[in-house]
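Just so it is clear, none of the values below were taken in a lab; they were calculated from the coordinates. The structure presented is a predicted model; accordingly, all values stated were derived computationally and were not measured. Please note: Cβ atoms are built from the backbone with ideal geometry, for glycine as well, and neighbour counts cover all protein chains shown.
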Amino acid sequence: MAFEIKRIGIIGAGQMGNGIAHVCALAGYDVVLNDISPDRIRAGLATINGNMVRQVAKGLYDEDEKQRALSRISGADSYTGLDDADLVIEAAVEKEEVKRRIFSEVCPHLKPEAILATNTSSISITRLASTTDRPERFIGIHFMNPVPLMQLVELVRGIATEDETFDSSKEFVTRIGKTYAVSEDFPAFMVNRILLPMINEAIYTLYEGVGSVDAIDTAMRLGANHPMGPLQLADFIGLDTCLSIMQVLHEGLADSKYRPCPLLVKYVEAGWLGRKTQRGFYDYRGEKPVPTR
Ligand code: NAI
């Protein structure tokens, strides 16, 4: 039996949070978009507007539908805005301590029956659930980036997740027009367990001087038919998120094959996080690869 979801709260208005808000509002849900930073909420709302303008220009829907969807989204820089939500999806940074703090602060504001979900890319759902007041109403709903374009959502149950939470999440994913794949609760689930070691290996390939940024990305685009090279994809995901996922894999599976490449660590330490900071393996002010050594 599924629980009726009408109003959705999203914590984190970054690239994933604003994408999730976008697809939920288009599917007819009321959405509250929360972030610690009012500037990030404003930027998130502006991104949603810009992405919807592009979708209208492509003929996916009309201007009226866009306006109706936008009118369903409101911003809130405190958790009190989430007290009516039936489903709250956390999409803040990929740091376990940040997520734990958010859950301890947000839970007292939520309706007892509200479902709490996390968009984590890699962290244990069971462990995160245990830091909330509702492990049975906690689940992983893992969207892919960019949310408005990507079809897949991974659904991950924690050990305590009850059937109603799982069924309601499946119904929600279907209503927003996505397809779910169910993953067991293992480090980085399925997509990132496979994808991130490939990206990390591309970074080692660069680090060891086997090829340039351009050569590695061209090789994988034209040689493996990937739509985007692995280094370009890493910049797109965010190098901080890539590093966090590799650390979760390395610690969680205790296998040296998941060791994050030192060059990835160095870039994150430099604050070169990819597209979101205008610099990563590419320089987005000029779209040129930056030096690596
Ligand atoms: P991002 O860096 O673009 O956005 C994170 C947002 O969280 C920022 O706006 C930040 O201000 C906000 N935030 C930080 N602490 C907060 C708090 N205490 N309360 C409310 N908001 C807070 O990160 P991105 O890429 O959107 O990632 C978010 C989550 O989604 C992470 O868990 C990540 O692993 C996951 N994810 C990321 C994907 C990607 O390709 N980037 C793909 C799928 C999942």
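Rounded to the nearest 20, the size of the Cβ-charge dipole of the stretch 132-178 about its Cα centre is 240 debye, with Lys and Arg at +1 and Asp and Glu at -1. Only Lys, Arg, Asp and Glu carry charge here, each on its Cβ (+1 for the first two, -1 for the last two); on that basis the stretch 156-288 has a dipole of about 480 debye about its Cα centre. With semi-axes defined as the square roots of five times the eigenvalues of the C-alpha gyration tensor, the equivalent ellipsoid of the chain measures 32, 23, 17 Å, largest first. Among the aspartates and glutamates, which have Cα under 20 Å from the Cα of residue 170 when same-chain residues fewer than 8 positions away are ignored? In chain and number order, the partners are 4, 30, 86, 90, 113, 136, 154, 162, 184, 185. The relative contact order of the stretch 68-169 comes to 22 percent, based on Cα pairs under 8 Å that sit 6 or more residues apart. Hydrophobic, long helices, defined as DSSP H runs whose alpha-carbon span along the helix axis is 27 Å or greater and whose mean Kyte-Doolittle value is at least -0.5, occur in the chain at 38-57. Under the criterion of Cα pairs below 8 Å and six or more residues apart, the relative contact order for the chain equals 14 percent.
What the Cα convex hull of the stretch 109-174 gives, in volume per residue, is 91 Å³.
Of all DSSP beta bridges confined to the chain, the antiparallel ones make up roughly 25%.
For the stretch 114-239, place one equal point scatterer on every Cα, skip the solvent, and apply the Debye formula. What is log10 of I(q)/I(0) at q = 0.13 Å⁻¹? The calculated log intensity ratios at q = 0.13 Å⁻¹ are -0.61. With a 10 Å cut-off between alpha carbons and a GNM built on the chain, which of 221, 40, 259 moves the most? It is 221. Between amide H atoms placed 1.01 Å from N, distances below 5 Å from residue 118 occur with 90, 139, 140, 141, all of them 5 or more places distant or on a separate chain.
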